[in-house]
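Enquirer: Once you've had a glance at the structure underneath, I'll fire off some questions.
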Amino acid sequence: MTDGRLDTGVAAGRLSAEDYAENFADLHPPLDRHEAVVAADRCYFCYDAPCVTACPTGIDIPLFIRQIATGNTTGSAKTIFDQNILGGMCARVCPTETLCEQACVREKAEGKPVVIGRLQRYATDAAMTAGKQFYERAAPSGKLVAVVGAGPAGLACAHRLAMHGHDVTVFDARPKAGGLNEYGIAAYKTVDGYAQAEVDYVTAIGGIAVEPGKALGRDLSLAGLCTSYDAVFLGMGLGGVNALGVEGDDSEGVIDAVEYIAALRQASDLATLPVGRRVVVLGGGMTAIDVAVQAKLLGAEEVTICYRRGKDNMNASEYEQDLATSKGVAIRHWLQPKRILAQSGKVTGIQLEYTTMSDGRLTGTGESLTLGADQVFRAIGQSYVTEPLEGGPSVALEGGRIKVDGEGRTSIAKVWAGGDCVAGGDDLTVSAVAMGRDAAESIHKSFNTRSGA
Ligand SMILES: Cc1cc2nc3c(=O)[nH]c(=O)nc-3n(C[C@H](O)[C@H](O)[C@H](O)COP(=O)(O)OP(=O)(O)OC[C@H]3O[C@@H](n4cnc5c(N)ncnc54)[C@H](O)[C@@H]3O)c2cc1C
Ligand code: SF4
């Protein structure tokens with residue numbers, strides 16, 4: 001794959017320019033002032049609000065909603081940014097239906113929550129459009145911190161460190177900052193270059209130098225960073241993808257979903273993206289839903305998600321599943337891939353086996369099903385890659401990811417980590433932000449402790 005193009009042998013440009021524009025428009029257009037006030041008025045401003053507890057960044061939700069209701073939109077944005085400097089992106093991408101809005105008392109009582117995510121977007125958009133910056137740097141501390149990875153975890157960490165007066169250099173292997181906000185999130189959730197606009201907003205505080213195209217393990221080493229900086233934060237995300245491991249999985253047209261989505265997000269013209277007529281997606285998480293929906297929106301005739309367990313086991317929320325089916329994606333359960341069918345090296349279909357639970361274990365039933373396909377997307381999970389840290393001080397892992405304590409400290413002195421690359425997270429943007437922010441506070445605290453302040 002080069003320059004956002006994929007050489008899969010299937011056709012590009014299935015739709016008109018108008019269709020692409022319509023299909024990839026903002027999933028939830030922003031609320032206007034009247035809509036925002038009406039939505040805010042539904043909030044009971046609960047004491048001990050369950051929505052706050054359900055938010056990984058702990059935003060004071062009743063307070064920011066009350067500020068919208070009383071016309072203090074700027075104050076509302078500050079309430080959000082105080083806890084979550086990427087509150088604008090989170091307003092767009094958080095699965096609110098399983099977080100704050102699921103916990104909302106109005107969801108419990110009436111099945112209709114306060115639209116917290118859309119209100120959060122209303123407030124943060126207003127402040128960012130106005131160029132309103134809320135934070136000034138503390139007096140320079142003289143401390144230097146290296147952040148590896150400019151995704152949500154790294155950016156949140158860098159911003160909080162900069163607030164405390166520390167000088168931060170953010171290294172990222174990719175040409176652009178933003179991590180999966182820039183290269184992964186579905187295009188219709190973050191339109192009009194929002195990811196880059198947010199990076200600019202976050203770094204405008206000053207004291208943060210972003211160095212793209214610099215990879216740990218290639219251009220930098222952990223030992224070198226530990227020598228040159230007072231602290232290091234690792235926020236490298238998950239760089240690996242799980243292999244399919246079935247016959248024919250190297251056929252042309254069998255594609256890694258994350259790679260395809262990255263190409264889609266970077267394409268200046270969606271008509272250049274080859275998409276199959278009959279597409280099969282393997283997986284049951286957010287990535288599977290996103291690639292399936294986007295393939296349909298790019299003009300695929302049939303898109304079928306095949307997942308090896310049942311509906312309730314899917315990592316994608318019910319809302320995401322409904323979104324996919326509303327766009328014409330079929331979701332089939334209890335099917336696992338057995339063999340990719342190909343002719344002249346190009347995929348023509350996939351043979352799947354029905355599955356069932358037996359004695360608490362997932363097993364194949366022996367019955368099979370064949371689906372014709374000219375594109376098969378692998379969306380069966382990502383994994384942490386250890387190579388960037390090899391050869392340096394040995395960072396302890398747990399379950400294949402970096403082991404950290406409650407403050408984000410790794411097993412190596414001076415090294416913290418957060419976001420998807422650490423063990424025990426839930427692989428959400430908002431959780432990565434929370435971990436980056438909290439690690440920054442821990443780093444700051446360690447400087448004060450070390451200097452005896
Ligand atoms: C397709 C897809 C869709 C998703 N959709 C949603 C969604 O709708 N809502 C949601 O909440 N979550 C979603 N997620 C999950 C969410 O994007 C992640 O949880 C979040 O981005 C994790 O942030 P992070 O900072 O830990 O890692 P990342 O965002 O992955 O950022 C890591 C950064 O580190 C850089 N890096 C990696 N290795 C190196 C190295 N060796 N040296 C230097 N830099 C390096 C990368 O280039 C990258 O910029 C989605 C994930 C995927 C894959
Ligand atoms: S739970 Fe719902 S009603 Fe209560 S404060 Fe949160 S958003 Fe408002």
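The values are calculated or read from the model by the stated rules, or taken from the named source; none is laboratory data. As the structure is a computational prediction, the values presented were derived from the model and not from experiment. Using ideal geometry, Cβ is built from the backbone for each residue, glycine included, and neighbour counts are taken over all protein chains shown. SASA here: full protein model, heavy atoms, side chains in, ligands and nucleic acids out. Shrake-Rupley method; radii C 1.70, N 1.55, O 1.52, S 1.80 Å.
Enquirer: Quote the accessible area belonging to Asp426 in square angstrom, nearest 10, computed with a 1.4 Å probe and with ligands, DNA and RNA left uncounted.
Expert: Solvent-accessible area, nearest 10 Å²: 80 Å².
Enquirer: For segment 33-129, which whole percent of the accessible surface, found with a 1.4 angstrom probe, sits on carbon and sulfur atoms?
Expert: So the carbon and sulfur contribution to the accessible surface is 53 percent.
Enquirer: Can you list the HN-Hα couplings for segment 57-69, worked out from phi with the Karplus curve (6.51, -1.76, 1.60; θ = phi - 60°), rounded to whole Hz and with x for Gly and Pro?
Expert: Couplings: 9, x, 4, 6, 5, x, 5, 5, 6, 4, 4, 5, 4 Hz.
Enquirer: Residue separation times 0.36 nm, minus the C-alpha to C-alpha distance between Thr325 and Lys346: what's the value?
Expert: Length gained, Thr325 through Lys346: 4.8 nm.
Enquirer: List every residue whose amide H lies under 5 Å from the amide H of Arg309, counting only residues 5 or more places away in sequence or on a different chain, with H placed 1.01 Å from N in the peptide plane.
Expert: HN-HN under 5 Å from Arg309: Trp334, Leu335.
Enquirer: Can you give me the convex hull volume of the Cα atoms of segment 202-324, divided per residue and expressed in Å³?
Expert: 199 Å³
Enquirer: Quantify, in whole percent, the carbon and sulfur part of the accessible surface of segment 321-420 (1.4 Å probe; protein heavy atoms only).
Expert: Carbon and sulfur together cover 44 percent of it.
Enquirer: Another one. Starting at the first residue of segment 270-282, write each ³J(HN,Hα) from the Karplus equation 6.51 cos²θ - 1.76 cosθ + 1.60 with θ = phi - 60°, in whole Hz, x for Gly and Pro.
Expert: Result, rounded to whole Hz: 5, 5, 8, 8, x, 9, x, 7, 10, 10, 10, 10, 9.
Enquirer: Further question: Which residue, Phe377, Ile331, Thr363, has the largest displacement toward the positive end of the dipole of segment 250-378 when charges sit on each Cβ (Lys, Arg +1; Asp, Glu -1)?
Expert: It is Thr363, whose Cα lies furthest towards the positive end.
Enquirer: Okay, moving on. At 1.306 mPa s and 10 °C, plugging the Kirkwood radius over alpha-carbon pairs of segment 33-129 into Stokes-Einstein gives what diffusion coefficient in µm²/s?
Expert: 124 µm²/s
Enquirer: Which distance in Å, rounded to a whole number, links the C-alpha centroids of segment 190-205 and segment 120-141?
Expert: 12 Å
Enquirer: To continue, here is another question. In whole Hz and in residue order, list the ³J(HN,Hα) couplings for segment 415-431 that follow from phi through the Karplus curve 6.51 cos²θ - 1.76 cosθ + 1.60, θ = phi - 60°; x for Gly and Pro.
Expert: These are the phi-based 3J(HN,Hα) values: 10, 10, 8, x, x, 4, 6, 9, 6, x, x, 10, 6, 10, 4, 5, 6 Hz.
Enquirer: Skip the ligands, DNA and RNA, and give the accessible area per residue of segment 33-129 with a 1.4 Å probe, whole Å².
Expert: 41 Å²
Enquirer: For His164, what accessible surface area do you get with a 1.4 Å probe? Give it in Å², rounded to 10.
Expert: Around 50 Å² of this residue is reachable by solvent.
Enquirer: Also, I was wondering about something else. When we measure straight from the Cα of Lys214, which aspartates and glutamates land under 20 angstrom away, once same-chain ones fewer than 8 places off are left out?
Expert: Asp3, Asp167, Asp172, Glu182, Asp200, Asp230, Glu259, Glu387, Glu390, Asp420
Enquirer: Relative contact order of segment 33-129, please, whole-number percent, based on alpha carbon pairs below 8 angstrom and at least 6 residues apart.
Expert: 33 percent.
Enquirer: Return one whole number: the accessible area per residue of segment 300-381 in Å², for a 1.4 Å probe.
Expert: That works out to 51 Å² for each residue.
Enquirer: Run the reach check for Lys338 against lysines, Cα to Cα strictly under 29 Å, same-chain hits fewer than 8 apart removed. What comes back?
Expert: Lys296, Lys311, Lys327, Lys346
Enquirer: From the mean inverse distance of alpha carbon pairs (Kirkwood) and the Cα radius of gyration, derive Rg over Rh for the chain.
Expert: When Rh is taken as the Kirkwood radius, the ratio is 0.98.
Enquirer: Mind grabbing the accessible area of Val385 for me, 1.4 Å probe, Å², rounded to tens?
Expert: For Val385, the solvent-accessible surface is approximately 50 Å².
Enquirer: Given H placed 1.01 Å from N in the peptide plane, which residues other than close sequence neighbours of Ile331 have an amide H under 5 Å from its amide H?
Expert: HN-HN under 5 Å from Ile331: Ile305.
Enquirer: Give me the tail of P(r) for segment 167-244 as a percent: Cα-Cα pairs with distance above 17 Å.
Expert: 54 percent
Enquirer: Residues of segment 385-453: accessible area per residue at 1.4 Å, in Å²?
Expert: Counting only protein heavy atoms, the per-residue value for segment 385-453 is 45 Å².
Enquirer: Evaluate the relative contact order of the chain (contact order divided by residue number), counting alpha-carbon pairs under 8 angstrom at least 6 apart; express in whole percent.
Expert: Over the chain, the number comes to 18 percent.
Enquirer: To the nearest 10 degrees, how steeply does helix 194-203 sit against the main Cα axis of the chain, on a 0 to 90 scale?
Expert: That helix lies at roughly 20 degrees to the long axis.
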